[in-house]
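The values are calculated or read from the model by the stated rules, or taken from the named source; none is laboratory data. Fair warning: this is a prediction, and the values are worked out from it, not measured in the lab. In this analysis, Cβ positions are derived from the backbone assuming ideal geometry, glycine residues included, and neighbour counts consider all displayed protein chains. Heavy atoms of the whole protein, side chains included, go into the accessibility calculation; ligands, DNA and RNA do not. Shrake-Rupley method; radii C 1.70, N 1.55, O 1.52, S 1.80 Å.
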Amino acid sequence: MKLYNSLTKTRDEFITHEPGKVRMYTCGPTVYHFAHIGNLRSYIMEDVLEKALEFEGYEVIRCMNITDVGHLSSDADTGEDKMVKGARREHKTVMEIAKFYTDAFFADCGKLNIRVPALVEPATNCIPEFIQMIQGLLDKGYAYTAGGNVYFDTSKLKKYYVFSEHDEEDLETGVREGVEEDTNKRNKADFVLWFTKSKFEDQELKWDSPFGVGYPGWHIECSAISLKHLGEYLDLHCGGIDNAFPHHTNEIAQSESYLGHPWCPQWFHVHHLNTQSGKMSKSSGEFLTVSLLEEKGFDPLSYRYFCLGSHYRRNLVFSFENLANAQAAYQKLIARVAALKPEGEPDTEAMVPLRQNFQDALGNDLNTSLALTQLSNALKAKVSDATKQALVAQFDRVLSLDLIKKAEEMREKQRRENEGEEITPELQALLDARAAARAEKNWAEADRIRDEFKARGLVVVDTPQGVKIKKL
Ligand code: AMP
Ligand code: ZN
């Protein structure tokens, strides 16, 4: 399998420290609001990556944090904690907000067939681990205390900007205008590991520590949580492209300085879902949720199909028109699977090359749209329907579009339509009344009941198998 690696900026052959085993870390959501469908694009593509690795035969051990403290609204370490802002907006406590939006996030994942990683860890569960790591960085001279906070000293590193050719000037322009600078920093790129002082004194959650009562910075949580669950050597780290700098850059700085050796060789970044006016973001307040798509009549899996149709390293522009096109294509695919008449055993030998084409598409830097084309080719191939059905079932372990289940539902619906309408208790009552009227030769009443069916767009048909109700 070849994957583009943001660190080397080339497509690299995927390798692991331990043969056959992938230790994979995913930056989780900041749970101060609903996840928008941009966030969920990242999680869909990471989910496909995990499943594609399994399709290749790897065992994947995956960990994800839940950011419930320390993610500030400004990269310059002078903003307010997003969780505190969220709690104030909704007149709730930070922990209430965290619980509500964590549950909402997993409910959305469920609707999109995103598998929840085996290891999920809220940041507030790991304060001792953060303290231990920060203490280690202080002991090794990679961190310093200033103005009450603990900072990482980026000047101690040979190379800090690992993902990009950022320099201090770029960084300066990256910091939003109107955000004042933190004058405690020795170098512009330094970042906070532990806060005890900020101009926002209403931080709800604070913990005792050797550095004073306070709370952790956002970046330390991913370094410490990944170390806690996945050990000193990570194989693969994922996130949205906006996380590459400063978040992932800082994670690498902390982890490698603390551990004293290289930490994670492969970085997978998903590019943004954009609206017509730019990146979809939670802080701008302009964002779409899975529930909103449902309210507009879309199946959430149509959105998954929409995401699979484009490469993860390209920005994807969302519009309802594009989504409607994806939904139509998805329905057509389901209909093609529903049209199969799988009888007998699949031809396992014939499956091999078709399976290989699909695997090659995924192995080509996770080319999901090519993988969908290979699925379509398999449905056109000169093999039996049972073989096709078996291939669809295998491919769908990666695509997770519920193709077999939805095709079965479609077949069932068609069967029902041919056989007649479902007889609800209300319709049964009408049928009983009709039978009684006929038995009494009360034709006027029987006609009235016929008109009641008609008003519902239905007609009663007497067949050799009994009474059926059909559409007019
Ligand atoms: P957050 O909840 O803000 O911490 O973000 C959760 C994940 O969504 C991170 O991996 C972000 O990089 C990613 N993300 C944020 N905005 C977008 C977007 N518009 N498109 C794709 N991924 C995004
Ligand atoms: Zn992270």
Inset, instruction - Spot the failing condition for Ala338; the list is (1) touching a residue at least 24 places away in the same chain (Cβ under 8 Å); (2) over 23 Å from Arg115 (Cα atoms); (3) open to solvent by 40 Å² or more (accessible area, probe 1.4 Å), and only one is missed. - result: (3)
Legend entry - Subset of the stretch 29-40 that is more than 16 Å from ligand 2 (Cβ to nearest atom) and either of a type in the set (A, V, I, L, M) or not in a helix (DSSP H, G or I) (or both) - its residue that is farthest from Asn367 (Cα to Cα): His33
Inset, instruction - Give the residues of the stretch 229-248 that are surrounded by fewer than 24 Cβ atoms within 10 Å (Cβ to Cβ) and either near ligand 2 (Cβ under 9 Å from one of its atoms) or among the small types (Gly, Ala, Ser) (or both), sorted by residue number. - result: Gly231, Gly239, Gly240, Asn243, Ala244, His247
Inset, instruction - Return the pairs, sorted by first residue and then second, in which the second residue is open to solvent by 100 Å² or more (accessible area, probe 1.4 Å), the first residue lies in the stretch 403-420 and is without any contact (Cβ under 8 Å) to a residue 24 or more places away in the chain, the beta carbons are less than 7 Å apart, and the residues are 6+ apart or on different chains. - result: Arg416/Glu422
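For (1) open to solvent by 10 Å² or more (accessible area, probe 1.4 Å); (2) more than 16 Å from ligand 2 (Cβ to nearest atom); (3) modelled with pLDDT under 95, each residue gets a yes or a no:
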| residue | (1), (2), (3) |
| --- | --- |
| Trp218 | yes, no, yes |
| Leu227 | yes, no, no |
| Asn250 | no, no, no |
| Asn274 | yes, yes, yes |
| Ser281 | yes, yes, yes |
| Phe287 | yes, yes, yes |
Legend entry - Residue check, Asp103 at pLDDT 90 or above, over 23 Å from Trp263 (Cβ atoms) and surrounded by fewer than 21 Cβ atoms within 10 Å (Cβ to Cβ): yes
Inset, instruction - Could you pull out the residue among Glu295, Glu345, Glu349 that is more than 16 Å from ligand 2 (Cβ to nearest atom) and touching a residue at least 12 places away in the same chain (Cβ under 8 Å)? - result: Glu345
Legend entry - Cβ-Cβ under 7 Å pairs, at least 6 apart or on other chains, the stretch 14-32 side near ligand 1 (Cβ under 8 Å from one of its atoms), far side part of a loop (DSSP other than H, G, I, E, B): Thr26/Pro117; Pro29/Ala35; Thr30/His71; Val31/Asp68
Inset, instruction - Select, from Ala393, Ala386, Ala439, Ala407, the only residue that is open to solvent by less than 90 Å² (accessible area, probe 1.4 Å) and either over 17 Å from Ala338 (Cα atoms) or among the aromatic types (Phe, Trp, Tyr) (or both). - result: Ala439
Legend entry - Check on Tyr43, within 14 Å of ligand 1 (Cβ to nearest atom) and either open to solvent by less than 10 Å² (accessible area, probe 1.4 Å) or in a strand (DSSP E or B) (or both): no
Legend entry - Residues (within 15 Å of His247 (Cα to Cα) and more than 20 Å from the chain's Cα centre (by Cα)) located in the stretch 43-86: Val69, Gly70, Leu72, Ser73, Ser74, Asp75, Ala76, Asp77
Legend entry - Selection count, the stretch 136-161, where residues are buried (at least 18 other Cβ atoms within 10 Å of the Cβ) and polar (S, T, N, Q): 2
Inset, instruction - Examine the stretch 74-81 for a residue that is modelled with pLDDT under 95, closer than 23 Å to Leu193 by Cα and either hydroxyl-bearing (Ser, Thr, Tyr) or not assigned by TED's automatic domain parsing to the domain that holds Glu251 (or both), and state whether such a residue exists. - result: yes
Legend entry - One residue from Glu201, Glu251 being outside any strand (DSSP E or B) and within 16 Å of ligand 1 (Cβ to nearest atom): Glu251
Inset, instruction - State which residue is farthest from ligand 2 (Cβ to nearest atom) when the search covers only the stretch 48-85 and only residues that are in a strand (DSSP E or B) and closer than 24 Å to Asp402 by Cα. - result: Glu59
